[in-house]
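Below: the structure, in structure tokens.
The values are calculated or read from the model by the stated rules, or taken from the named source; none is laboratory data. It should be emphasised that the depicted structure is a prediction, and the values quoted were computed from it without experimental measurement. So basically every Cβ, Gly included, is an ideal-geometry build from the backbone, and we count neighbours across all protein chains shown. Note: accessible area is taken over every heavy atom of the protein model, side chains too, but ligands, DNA and RNA are not part of it. Shrake-Rupley method; radii C 1.70, N 1.55, O 1.52, S 1.80 Å.
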Amino acid sequence: MNIKEDERLNVLNHSCAHLMAQAVKHIFPDAMFWVGPVIDEGFYYDIDLKDRVLTEDDLVKIEKEMKKISKDGKRITRSEISRGDALERFKDDPYKIDLINNMDDESIISIYTQGDFTDLCRGPHVATVKELKHFKLIKFSGAYWKGDSNNKMLQRIYGICFDNDEDLKNYLEILEERKSRDHRKLGKELDIFMMSNLVGPGLPLWLPNGSTIRRILERYIVDKELERGYDHVYTPVLASSELYKISGHWDHYKDDMYPIMKMDKEEVVLRPMNCPHHMLIFKNGLHSYRDLPIRIGELGHDFRYEASGAVVGLERVRGMCQNDAHLFVRPDQIKDEVRNVVDLILDVYKDFGIEDYKFRLSLRGDENKEKYFDDDEMWNLAEDSLRTILNELNIDYYEAENEAAFYGPKLDVQIKTALGHELTLSTCQLDFLLPRKFELTYVNEEGEKVTPVVIHRAILGTFERFVAYILEEFKGALPLWLAPTQVVIVPVHHEQHLEYSLQLEKTLKDMGIRVKVDARNEKLGYRVREAQTNKVPIQLVIGKKEVENNSVNLRRYGKKDSSILNVEELKELLNKEIRQKTIYK
Ligand code: TSB
Ligand code: ZN
């Protein structure tokens, strides 16, 4: 959906923003308006309502008023005025004055009027407000004036307008669908994680179900990496601030770090990344060219002071655990190692059925040079090497400036969340800088000490972001191998069929299956429904027949039909699906 790029819808939405502003002015005569642009999915308007904070009820009222104004059907007229007239006309409105003062001298100043409402605007607009019929106000939030947290908080209302009712209906259905797979909602319903003000924003607490998923992911990825020649380590989450002064984090990444903790003579910080610790581990030994590549992996806990407005559920947090590794390689090994990383990413994505992603080559660009380590030659070399490798490996990617890490360019895998946020999941980064800063060396074939190159990479990214993503992708119904509870056994009668059910539970537990018996004194239908609500992949109903025949009545999540299997067949089916990581779509 991109309303901004559809000429007709763009104008329609822009006019609808004015209609909304007019309705707001009728209800709140003191309201003043900042800007109301069209966005990919509709429009918003930033409004100063003095100290009033909007409520859901206000939104309903505003929408009603919009309908009324639209029915009145006033024409929308444009006129052009001089800068002097404009300044005079809007003299009591500091927001408009700010806009006028920021226009360059030659620009034509136009205003649009509909009935009792006039707004400063470049246009164009539809001819009459009658054309604005199929709209909906979607949500509201606070928004700092000009996006600066030192400024006043304005009220932002989002809406969308189509030219027919069907398109509007379809869009609202998409919104509902997105809401239902928002990982924050699923995370609550399925007891995956919680937040507490006493811990703080962006610091999730993993509940037992979420912890089970995470433990499976941890074992899965560590095993894969061990198979591929990684060594796994444990290092502390704190370090002397000196470490980050050496690495360059202090100069280029300080804004994202928690502040220094001062003790008697020491200064320590919470780490935002694991690289410096891993550099020290490499430096701890002597290395010959024959020992490289050395791949140091860690499920490393990091802390980043993300802006409170940017923190979202598990997808953007302040306390996180990366599936991290640093590969110490010779220059002639860079290409093969990048290839191995990409290969591992694709291998992992296949297991999770992840198909909707794009590779992004993240470069330094010209903006914000102070964000990056200052050495043009090094940057050119790193960016060119990574680009050449990607081309040689035939990887489809697009380029983005101002997205590099401070130490080097990245190959990022970009995904979209249910809320429409574009995020990086996996990353593979080329770094000529940190090995130099830490004076790392290995002995080359000629017996000389030379500097290795470092590849930083995270496959699952962080467990937080990865779990958020797969929850949304599977709409909470995780495949058998990942589900916190894999099987629920439901005896038809909570006493008569209990013994057999408990025996079956033991058999499955002995195989390592995460299984529960639901023998509560509740109606069968109720217990069956609850297993569905909890999105348990497999449900086994046990009645008289099953007890007599040593069988189970198996029903999968989301399916209406069931099948009868004997216990041996059941065991085989479970083993096979877990081993093969079967995905049902
Ligand atoms: C890969 N030093 C490298 C590391 O060696 C590094 O830290 N890279 S990173 O900054 O890109 O972070 C790695 C991954 O962590 C990202 O690809 C992303 O998937 C995840 N991530 C980053 N910030 C957050 C956050 N605030 N919340 C959740 N996940 C995050
Ligand atoms: Zn790193």
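Compute the FRET efficiency between K50 and D255 as 1/(1 + (r/R0)^6), taking r as their Cβ-Cβ distance and R0 = 41 Å, and round to the nearest 0.05. Kindly include the intermediate steps, with their values, before the conclusion.
Details: r = 33 Å, r/R0 = 0.79.
Here the calculated transfer efficiency is 0.80.
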Hits in the range 386-424: amide N under 19 Å from the 7 Å Cα→Cβ extension of L346, namely 386-399, 411-415
Among all lysine pairs in the range 195-344 that are eight or more places apart or on different chains, how many have alpha carbons less than 28 angstrom apart? 12
In the chain, what cysteines have no partner Cβ closer than 4.7 Å? C121, C275, C321, C428
On full extension of the chain, what length is gained from D93 through E218, given 0.36 nm per residue of separation minus the C-alpha to C-alpha distance? 39.3 nm
Place the peptides 393-406, 156-169, 316-329 in order of packing, highest mean first, counting for every residue the other Cβ atoms within 10 Å and averaging per peptide. 316-329, 156-169, 393-406
Work out from phi, with θ = phi - 60° and the Karplus expression 6.51 cos²θ - 1.76 cosθ + 1.60, the ³J(HN,Hα) of each residue of the range 341-355, listed in order in whole Hz, and give x for Gly and Pro. 5, 4, 4, 5, 4, 5, 4, 5, 4, 5, 4, 9, x, 7, 10
Taking R0 as 60 Å and r as the Cβ-Cβ distance between D264 and Q532, the FRET efficiency 1/(1 + (r/R0)^6), rounded to the nearest 0.05, comes to 0.55
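Assuming 0.36 nm per residue, please report the length gained on full extension of the stretch I246 to D6 beyond their Cα-Cα distance.
On the way: separation 240, 0.36 × 240 = 86.40 nm, distance 5.05 nm.
Length gained between I246 and D6: 81.4 nm.
Of the listed peptides 21-32, 548-559, what is their order by residue-averaged count of other C-beta atoms within 10 Å, with the highest listed first?
Numbers: 21-32: 17.6, 548-559: 15.6.
Output ranking for 21-32, 548-559: 21-32, 548-559.
Would you mind getting the accessible area per residue of the chain, heavy atoms of the protein chains only, 1.4 Å probe, in Å²? Before the final figure, lay out the partial values.
Details: 29300 Å² over 585 residues.
So the chain comes to 50 Å² accessible per residue, rounded to a whole number.
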Gain in length, L175 to K449, computed as 0.36 nm per residue apart minus the alpha-carbon separation, to one decimal in nm? 92.8 nm
Step through the table entries K169/K523; K136/K410; K350/K410; K169/K585, compare each Cα-Cα distance with 30 Å, and write down the pairs that go over it. K169/K523; K136/K410
